[in-house]
1. Which residues, counting only those in the range 136-186, are among the hydroxyl-bearing types (Ser, Thr, Tyr) and surrounded by fewer than 16 Cβ atoms within 10 Å (Cβ to Cβ)?
2. Which fully enclosed strands (runs of 3 or more DSSP E) of the range 8-116 have 2 or more residues being out of contact with any His (no Cβ under 7 Å at 6 or more places or on another chain) and over 28 Å from Leu253 (Cα atoms)?
3. Of everything in the range 44-61, what is among the charged types (D, E, K, R) and within 12 Å of the ligand (Cβ to nearest atom)? Give them in sequence order.
4. Run down Ile107, Ile13, Ile89, Ile6 and say which single residue is more than 16 Å from the ligand (Cβ to nearest atom), β-branched (Val, Ile, Thr) and farther than 23 Å from Pro146 by Cα.
5. Please work out if Leu58 is exposed (fewer than 10 other Cβ atoms within 10 Å of the Cβ), in contact (Cβ under 8 Å) with a residue 40 or more places away in the chain and within 15 Å of the chain's Cα centre (by Cα).
6. Looking only at the range 236-252, how many residues end up being under 16 Å from Glu196 (Cβ atoms), touching an Asp or Glu at 6+ places or on another chain (Cβ under 7 Å) and among the small types (Gly, Ala, Ser)?
7. So if I check each of Val104, Val52, Val125, which one is without any contact (Cβ under 8 Å) to a residue 60 or more places away in the chain and under 18 Å from the mean Cα position of the chain (by Cα)?
8. Looking at (1) touching a residue at least 60 places away in the same chain (Cβ under 8 Å); (2) of a type outside the set (Phe, Trp, Tyr); (3) touching an Asp or Glu at 6+ places or on another chain (Cβ under 7 Å), which is the only condition Val159 fails?
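The values are calculated or read from the model by the stated rules, or taken from the named source; none is laboratory data. Note that this is a predicted model, so its numbers are computed, not measured. Every residue, glycine among them, receives a Cβ derived from its backbone with ideal geometry; neighbour counts consider all protein chains shown. Please note that ligands, DNA and RNA were not included when accessible areas were found on the heavy atoms of the full protein model with its side chains. Shrake-Rupley method; radii C 1.70, N 1.55, O 1.52, S 1.80 Å.
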Amino acid sequence: MALDEIIITKAIIDRYYEKLINNLETDVAIVGGGPSGLVAGYYLAKAGKKVVMYERKLSIGGGMWGGGMMFNEIVVQKDAIHILEEFGIRFREFQENYYTADAVEAISTLTSKAVQAGLTIFNCVSVEDVMMRPEGITGLVINWSPVEMAGLHIDPLTVRSKFVVDATGHATEVVKVAVRKVPGKLMTPSGKIEGEKSMWADHAENLTIENTREVFPGLYVVGMAANATAGGPRMGPIFGGMLLSGEKVAGELAGRL
Ligand code: 48H
């Protein structure tokens with residue numbers, strides 16, 4: 001049967017439109033497609049929640065692809081091994097409590113399993129603002145990343161969600177917008193972003209999980225964004241904290257929804 005380019009085009013437009021329209025109102029909107037956001041999206045979708053993710057870049061995965069300094073292996077500690085097992089990511093023991101996994105297998109599997117569980121991902125979409133109401137943050141303001149990159153003056157669109165998760169990593173972009181533009185204070189000691197601190201892997205890994213929580217009504221932080229918001233240190237290429245943080249936020253939100 002001959003292939004018709006117009007049917008190919010229609011198929012893409014129709015299916016994308018369907019995805020877009022079905023995700024204008026969701027339970028949870030996750031900003032950023034790094035490891036913590038993907039794990040959160042997977043567990044929320046698995047719990048039957050309607051969950052969407054926006055990722056600025058063309059590729060999903062954030063900072064996991066490159067392992068440590070482009071040596072594409074990651075380290076995961078024992079406490080988080082059950083998450084690798086849940087996703088079917090292969091790992092090897094290096095020495096007691098230190099396990100390694102191939103970074104490419106890890107991030108591609110997190111992405112694939114999250115989407116298959118029901119997470120809808122929009123890549124090449126940047127979150128530039130939040131929607132606010134007296135009760136808190138109730139959605140996101142989105143635009144094509146190429147619009148942002150080209151500096152075009154084009155108004156964005158808006159999506160509503162019961163909860164927003166900032167999974168933007170070191171940049172903490174959603175929390176930054178909230179601090180700058182939404183009346184009220186963050187649930188942190190200073191009421192503002194405390195700022196990421198220097199390397200201390202052991203301390204940072206525990207704090208990442210502790211700091212994974214609601215920081216403004218309707219807004220949760222996860223992964224590196226959680227530490228940056230609460231003033232925790234960085235941890236380098238050990239990823240257990242990122243995975244456990246995603247699992248924690250999903251559990252808390254599923255409980256509230
Ligand atoms: C849409 C956005 C926006 C926006 C950013 O950095 P990530 O991998 O995030 P985490 O927290 O899941 O993982 C952190 C980890 O990769 C890491 O950097 C570690 C462990 N560092 C330790 C250390 O010591 O350095 O992913 C965040 C994603 C990226 O893909 C961004 O492109 C995306 O968020 N993003 N997407 N709209 N406004 N801002």
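1. Narrowing the range 136-186 to residues among the hydroxyl-bearing types (Ser, Thr, Tyr): 138, 145, 158, 161, 168, 172.
Thr158 - this is the single residue of the range 136-186 that is among the hydroxyl-bearing types (Ser, Thr, Tyr) and surrounded by fewer than 16 Cβ atoms within 10 Å (Cβ to Cβ).
2. Working: elements: 25-31, 51-55, 73-77, 92-95, 98-102.
The qualifying strands (runs of 3 or more DSSP E) are 92-95, 98-102.
3. Filtering the range 44-61 down to residues among the charged types (D, E, K, R) leaves 46, 49-50, 55-57.
Hits for the range 44-61 are Glu55, Arg56, Lys57.
4. Numbers: Ile107 fails: more than 16 Å from the ligand (Cβ to nearest atom); Ile13 fails: farther than 23 Å from Pro146 by Cα; Ile89 fails: more than 16 Å from the ligand (Cβ to nearest atom).
So the residue among Ile107, Ile13, Ile89, Ile6 that is more than 16 Å from the ligand (Cβ to nearest atom), β-branched (Val, Ile, Thr) and farther than 23 Å from Pro146 by Cα is Ile6.
5. Values: exposed (fewer than 10 other Cβ atoms within 10 Å of the Cβ): yes; in contact (Cβ under 8 Å) with a residue 40 or more places away in the chain: yes; within 15 Å of the chain's Cα centre (by Cα): yes.
Judged against the criteria, Leu58 is a match.
6. Going through the range 236-252, the residues under 16 Å from Glu196 (Cβ atoms) turn out to be 236-238, 241-242, 245.
Going one step further and asking which of them are touching an Asp or Glu at 6+ places or on another chain (Cβ under 7 Å), we end up with 238, 241.
Filter once more, so that each one left must be among the small types (Gly, Ala, Ser): 241.
Going through the range 236-252 one residue at a time, the tally reaches 1.
7. Details: Val52 fails: without any contact (Cβ under 8 Å) to a residue 60 or more places away in the chain; Val125 fails: without any contact (Cβ under 8 Å) to a residue 60 or more places away in the chain.
Every option except Val104 fails the conditions.
8. The number of the failed condition is (3).
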